[in-house]
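The values are calculated or read from the model by the stated rules, or taken from the named source; none is laboratory data. Computed from a prediction, not measured in an experiment: that's the story for all the values here. With ideal geometry, Cβ positions are generated from the backbone for all residues, glycine too; neighbour counts draw on all protein chains shown. Quick note on the areas: whole protein, heavy atoms, side chains included, nothing else; ligands and nucleic acids left out. Shrake-Rupley method; radii C 1.70, N 1.55, O 1.52, S 1.80 Å.
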Amino acid sequence: MASGDFDAFIASQPLPVLADFWADWCGPCKMMAPVLQDLAREWKGRITVIKIDTDKKPQLASRFGINSIPTLILYKSGREAHRITGAMPLPALKRELDSRL
């Protein structure tokens with residue numbers, strides 16, 4: 001996904017988008033995978049969760065200043081609304097995001 005394609009995708013989404021910047025070699029990223037799957041399932045119709053592999057899309061990681069992974073960026077109306085760095089359990093992630101949706 002090119003940078004312009006990413007912007008168009010984010011802007012076209014009717015729901016807030018949570019982008020997970022991750023890499024296959026990242027242990028905490030692997031711990032977050034089932035947490036994000038559960039979040040996507042439990043909050044279906046409330047949020048869209050996408051994954052961006054920073055090894056395959058380094059230009060996006062660089063553009064958004066991703067220095068540590070996992071980094072989660074919440075986009076609302078095409079703009080960054082919140083950023084979380086590091087792994088956390090599902091209840092903590094829900095608390096972090098709930099008031100921002």
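Going by a ≥ b ≥ c, the root eigenvalues of the Cα gyration tensor, does region 1-76 fall in the rounded group (a/c under 1.5), the prolate group (a/b larger than b/c) or the oblate group?
Numbers: a/c = 2.25, a/b = 1.06, b/c = 2.12.
Judged from the Cα gyration tensor, region 1-76 comes out oblate (a/c at least 1.5, b/c at or above a/b).
Over the chain, average the accessible area per residue using a 1.4 Å probe and give it in Å², no decimals.
Values: 5520 Å² over 101 residues.
On a per-residue basis, the chain sits at 55 Å².
Considering only DSSP states other than H, G, I, E and B, which trypsin sites (Lys or Arg not before Pro) in region 1-81 qualify as loop sites with at most 16 other Cβ atoms within 10 Å?
Sparse-neighbourhood loop trypsin sites (Lys or Arg not before Pro): 44, 46, 56.
Assuming R0 = 35 Å, what is the FRET efficiency of residue 42 and residue 7, from their Cβ-Cβ distance, to the nearest 0.05?
Details: r = 28 Å, r/R0 = 0.79.
The formula returns an efficiency of 0.80 here.
Could you work out the relative contact order of the chain, using alpha carbon pairs under 8 angstrom and six or more residues apart, expressed as a whole percent? Provide the component values of the computation, followed by the final result.
On the way: 143 pairs, mean separation 37.2, N = 101.
With pairs under 8 Å counted, the relative contact order is 37 percent.
Of the heavy-atom accessible surface of region 48-90 (probe 1.4 angstrom), what whole percent is carbon and sulfur?
Numbers: 1060 of 2280 Å².
Looking at region 48-90 in its full context, I get 47 percent from C and S.
Could you size up the charge dipole of the chain around its Cα centre, putting +1 on the beta carbon of Lys and Arg and -1 on that of Asp and Glu, and report it in debye to the nearest 20? Numbers along the way, then the final one.
Details: 14 positive and 11 negative charges, 46 e Å.
Computed charge dipole of the chain: roughly 220 debye.
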